[in-house]
Amino acid sequence: MKTMVREMRTRAGMTQQRLAELVRVSGRTIISIESGQYNPSLMLAYRMARVFGVSVEELCCLEENMEMEDERREKMA
């Protein structure tokens, strides 16, 4: 799942460790989310969205991810 976490964090001038502290997870979790190795839970996505002042949909590129999922399903059909 694609997210805008890295872009928003960088724009905010925030370190991975600082974001981790604000949303109460490890720095490794933020690294994993930013590298696409881990999808945040709904609650974690909500906490990060609040930090950046955006919606969960914007943070998680919901529309783009839904389109990619639809394309994958069409290829499998």
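Go through the stretch 1-29 and give me each residue that's among the small types (G, A, S) and modelled with pLDDT under 95.
Within the stretch 1-29, none qualify.
Checking the condition within 12 Å of the chain's Cα centre (by Cα) and small (G, A, S), which residue from S26, S55 passes?
Just one listed residue meets the conditions, S55.
Can you tell me which residues in the stretch 30-55 are hydrophobic (A, V, I, L, M, F, W, C) and either more than 19 Å from M14 (Cα to Cα) or exposed (fewer than 15 other Cβ atoms within 10 Å of the Cβ) (or both)?
Those that are hydrophobic (A, V, I, L, M, F, W, C) and either more than 19 Å from M14 (Cα to Cα) or exposed (fewer than 15 other Cβ atoms within 10 Å of the Cβ) (or both): L42, M43, V54.
Would you check which residues across the stretch 1-20 are closer than 21 Å to E67 by Cβ and not hydrophobic (A, V, I, L, M, F, W, C) and list them?
K2, T3, R6, E7
Residues in the stretch 23-75 that are of a type outside the set (K, R), more than 13 Å from K2 (Cβ to Cβ), touching a residue at least 12 places away in the same chain (Cβ under 8 Å) and in a loop (DSSP other than H, G, I, E, B): how many?
2
Under the condition of being touching a helix residue (DSSP H, G or I) at 6+ places or on another chain (Cβ under 8 Å) and at pLDDT below 80, which residue from the stretch 56-77 is nearest to M14 (Cα to Cα)?
Checking each candidate, the answer is L62.
Residues in the stretch 3-20: is at least one touching a Cys at 6+ places or on another chain (Cβ under 8 Å) and not aromatic (F, W, Y)?
The answer is yes, given that some residue of the stretch 3-20 is touching a Cys at 6+ places or on another chain (Cβ under 8 Å) and not aromatic (F, W, Y).
Quick check: is even one residue across the stretch 21-28 within 19 Å of M68 (Cβ to Cβ) and not charged (D, E, K, R)?
No, the conditions are met nowhere in the stretch 21-28.
The values are calculated or read from the model by the stated rules, or taken from the named source; none is laboratory data. Quantities reported herein were computed from a predicted structural model and do not represent experimental measurements. Counting neighbours? That spans all protein chains shown, and the Cβs are built from the backbone with ideal geometry, glycine included.
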